[in-house]
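To keep things clear, I will list the structure first and then write my remarks on it.
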Amino acid sequence: MKPTATQESIIIAAEQFAKAELEHDPTGHDWWHVHRVNQMAGRLARSEGADAFICAVAALLHDVADEKLNESKEAGLQKVSSWLERQPVEEEDSRHIIEIIANMSYNAGANPPMRTLEGMVVQDADRLDAIGAIAIARTFLYAGWVGHPIYDPQITPRDSMSPKEYRQEKSTAINHFHEKLLKLKGLINTASAKPIAEERHRFMEQYLEQFRLEWEG
Ligand code: ADP
Ligand code: NI
């Protein structure tokens, strides 16, 4: 399903909105993350037969609503809703996009599974950006931003945790691989994203092994 001319113009407006909102984000949720997620969502949408318009707008706006960048998750979603209201978007499409964005996040594994193919595609695209070479860079960038160390053998990875603990307790960049990133491969929704996730996962495992060898000297 190719987007109509009106939909194309909404996609361009969404790009500009996301760029303006996230241009200066220091947490790894910057515009280029959004750009990569949008590219990957397009690729997955084509091979999965998902609606390209819904996938593009949800991918472009997914981090505008991130709770880390807003007063609350509700405030973030409200920002996206009011933007959508000002666009010539069908009511049903608008609801669908908001539903995807509201359930995208890993949230320590606490969110329900995606209901629609478009949701699965966009979530996979976001998760693929959290595994692999770029993901390693994002993780250290984020850790630096919150003041976590690269690694500390005395802080062990947490097996299970509530979303609040996941967000607020002190951890390390290396622990984040064990607490989240290495789990993402098992949470991929679509067949098209699986082999990409597997390759990136292997790369992270190799990286962690090399890290361990160097740490132990
Ligand atoms: P989601 O997009 O699923 O809500 P987050 O916003 O929590 O996920 O994380 C996006 C990326 O930010 C992660 O893939 C990771 O690279 C980085 N990140 C998030 N939390 C941490 C953390 N505690 N330590 C290191 N990196 C983190
Ligand atoms: Ni994201």
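The values are calculated or read from the model by the stated rules, or taken from the named source; none is laboratory data. Keep in mind that what you see is a predicted model, and the values were worked out from it rather than measured. All Cβ positions, even for glycine, are placed from backbone atoms using ideal geometry, and neighbour counts span all protein chains on display. Accessible surface is based on the protein model in full, side chains and every heavy atom, while ligands, DNA and RNA are left aside. Shrake-Rupley method; radii C 1.70, N 1.55, O 1.52, S 1.80 Å.
The table that follows gives values for the structure above.
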| quantity | calculated |
| --- | --- |
| Residue within region 77-85 that is open to solvent by less than 10 Å² (accessible area, probe 1.4 Å) and either modelled with pLDDT of 95 or more or in a loop (DSSP other than H, G, I, E, B) (or both) present | yes |
| Single condition Tyr166 does not satisfy, out of (1) modelled with pLDDT of 95 or more; (2) farther than 26 Å from His35 by Cβ; (3) touching a helix residue (DSSP H, G or I) at 6+ places or on another chain (Cβ under 9 Å); (4) open to solvent by 20 Å² or more (accessible area, probe 1.4 Å) | (1) |
| Qualifying position, being in a helix (DSSP H, G or I), away from ligand 2 (no atom under 16 Å from the Cβ) and surrounded by fewer than 18 Cβ atoms within 10 Å (Cβ to Cβ), among Gln39, Gln16 | Gln16 |
| Test for Glu74: is it open to solvent by 20 Å² or more (accessible area, probe 1.4 Å), at negative phi and more than 16 Å from the chain's Cα centre (by Cα) | yes |
| Answer residue from region 114-136, given it is aliphatic (A, V, I, L, M) and within 14 Å of ligand 2 (Cβ to nearest atom) and is surrounded by the fewest Cβ atoms within 10 Å (Cβ to Cβ) among those | Ile134 |
| First in region 100-120 and under 21 Å from Val64 (Cβ atoms), second anywhere and assigned to a loop (DSSP other than H, G, I, E, B) and open to solvent by less than 30 Å² (accessible area, probe 1.4 Å), Cβ under 6 Å, 6 or more apart | Ile101/His62; Ile101/Ala65; Met104/His62; Glu118/Ala50; Met120/Met114; Met120/Thr190 |
